[in-house]
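What follows is one structure encoded as structure tokens, with my remarks underneath.
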Amino acid sequence: MWLILAFFSATFLGVYDSVKKKALASNAVIPVLFLNTLFSSLIFLPFIILSTTTTVLDDTPVHVGSGGWDMHKYIVLKAVIVLSSWILGYFGTKHLPLTIAGPINATRPVMVLVGALLVFGERLNGWQWAGVMLAVASFLLLSRSGKKEGIDFRHDHWIYMIVGAAALGAVSGLYDKYLMAPVGEGGVGLDRMMVQSWYNVYQCLMMGIVLLLLWWPRHKQTTPFRWDWAIIGVSIFLSTADFLYFYSLSLPSAMISIVSMVRRGSVVVSFLFGALFFHEKNLSAKAFDLALVLLGMLCLYIGSR
């Protein structure tokens, strides 16, 4: 069951990446991101209120657990990590083709694996090392494909932003494992809906501050903001993808390494959107690079069984 939920999460995540590209086209990044966090918070606010004031949602998958600052402080840190990743990712996605940004972001499971190696002392087997090597090879080949479109991986700061977003996303994935692991297993044991609901609220508050202090005073000298209905779609598809992701992790026997890898399969959906709707270039070479990424993920999956 948890694996099926992970595949559905990947599908919605791929659509989210594609709709996000549409919302950011010729648009100011910071207000778009603020509105995304606002709409995501509004989606979960009814669940928070009903769970706190009534028993209607008791024993349902959307019940939001309660807790004091001793729990919320962990969620605030989660919000900081994710929001930092999103800020970098939104700027990178706006200025790079989906067929380049997607495969780079898909290397996140490799970063999770390396993080587990460094943080948790895990040891990689042969299959896992093969997956890491394939991911590195795909990145090098992708840089070659990018040069044909005038993108120099060594000097393009948008590339650095996408890589930074992927790295912070990997940190978030490892942190999720810690947040929702039972206390007896060294985790915090937080309720998954509590994490997802409140980290959206905290992100909205943080982005509100960023909007007022950094963007608004200079908004007339920067890229103007324009409304696009795709902005609402971003919040809906991301919230659905994250709900399925957290739900899958909460089920018995769910493995964060496999869920993370399956979730990165979203790159196939975003790649297809980039090809069909954004008419991006040099697709044959990028498709080969993407195939290496997916092959690397398959090796990671085999090695993690």
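The values are calculated or read from the model by the stated rules, or taken from the named source; none is laboratory data. Everything numeric here is computed off the predicted structure, so don't read it as measured data. FYI the Cβ positions are ideal-geometry reconstructions off the backbone, even for glycines, and counts take in every protein chain you see. To get the accessible areas, we keep the full protein, side chains included, count just its heavy atoms, and leave off ligands, DNA and RNA. Shrake-Rupley method; radii C 1.70, N 1.55, O 1.52, S 1.80 Å.
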Legend entry - Assigned charges on the beta-carbon of Lys, Arg, Asp, Glu; the stretch 144-234 dipole about Cα centre (debye): 400 debye
Legend entry - Per-q log10 I(q)/I(0), the stretch 80-235, q = 0.13, 0.20 Å⁻¹ (Debye; single scatterer per alpha-carbon; no solvent): -0.80, -1.35
Inset, instruction - Given the options Thr55, Thr37, Thr223, state which has the largest fluctuation in a GNM of the chain using a 10 Å cut-off (strictly under) for Cα springs. - result: Thr55
Legend entry - Size of charge dipole - the stretch 190-305 - debye, nearest 20, with Cβ of Lys, Arg +1 and Asp, Glu -1, no other charges: 200 debye
Inset, instruction - Hydropathy first: keep DSSP H helices in the chain averaging at least -1.0 on Kyte-Doolittle, then drop any whose Cα extent along the axis falls short of 15 Å, and list what survives. - result: 2-24, 29-53, 69-95, 108-119, 126-147, 157-180, 192-210, 230-250, 266-276, 283-304
Inset, instruction - Write down the accessible area per residue of the chain in Å², having rolled a 1.4 Å probe over the full set of protein chains. - result: 46 Å²
Inset, instruction - Return the carbon/sulfur percentage of the accessible area of the chain, one whole number, probe 1.4 Å, all protein chains in place. - result: 71 percent
Inset, instruction - Only Lys, Arg, Asp and Glu count, each charged at its Cβ (+1, +1, -1, -1), so figure out the dipole size of the stretch 117-182 about its Cα centre, rounded to 20 debye. - result: 180 debye
Legend entry - Whole-angstrom Cα spans of the stretch 39-94 along principal axes, big to small: 43, 26, 15
Legend entry - Sorted peptide list for 4-11, 104-111, criterion being average Cβ within 10 angstrom, highest first: 104-111, 4-11
Legend entry - Length-normalised contact order for the stretch 91-179 - Cα pairs under 8 Å, 6+ apart - percent: 51 percent
Legend entry - Value of relative contact order over the chain, rounded to a whole percent, pairs C-alpha under 8 Å and six or more apart: 43 percent
Inset, instruction - Determine which lysines satisfy two conditions relative to Lys281: a Cα distance under 18 Å, and not lying fewer than 8 residues away in the same chain. - result: Lys21, Lys22, Lys94, Lys147, Lys148
Inset, instruction - Report Trp2's accessible area, 1.4 Å probe, all protein chains in place, as a number in Å² to the nearest 10. - result: 40 Å²
Inset, instruction - Please list Ile100, Ile30 in order of solvent-accessible area, largest first, computed with a 1.4 Å probe with all protein chains present. - result: Ile30, Ile100
Inset, instruction - Let me have the 222 nm mean residue ellipticity of the chain computed from DSSP H runs of 4+ only, each contributing -39500 (n - 2.57), with the sum over all residues rounded to the nearest 500. - result: -25000 deg cm²/dmol
Inset, instruction - Using the 2.2 N^0.38 Å rule of thumb for compact globular proteins, work out how the chain stacks up: its C-alpha Rg over that value, please. - result: 0.99
Inset, instruction - With a bin width of 5 angstrom, please list the P(r) values of the stretch 1-153 as percents of all Cα-Cα pairs, from the 0 bin to the one holding the largest distance. - result: 2, 7, 11, 14, 17, 17, 14, 10, 6, 3, 1, 0
Legend entry - Choice from Trp229, Trp215, Trp198 with maximal GNM fluctuation in the chain (Cα, 10 Å cutoff): Trp229
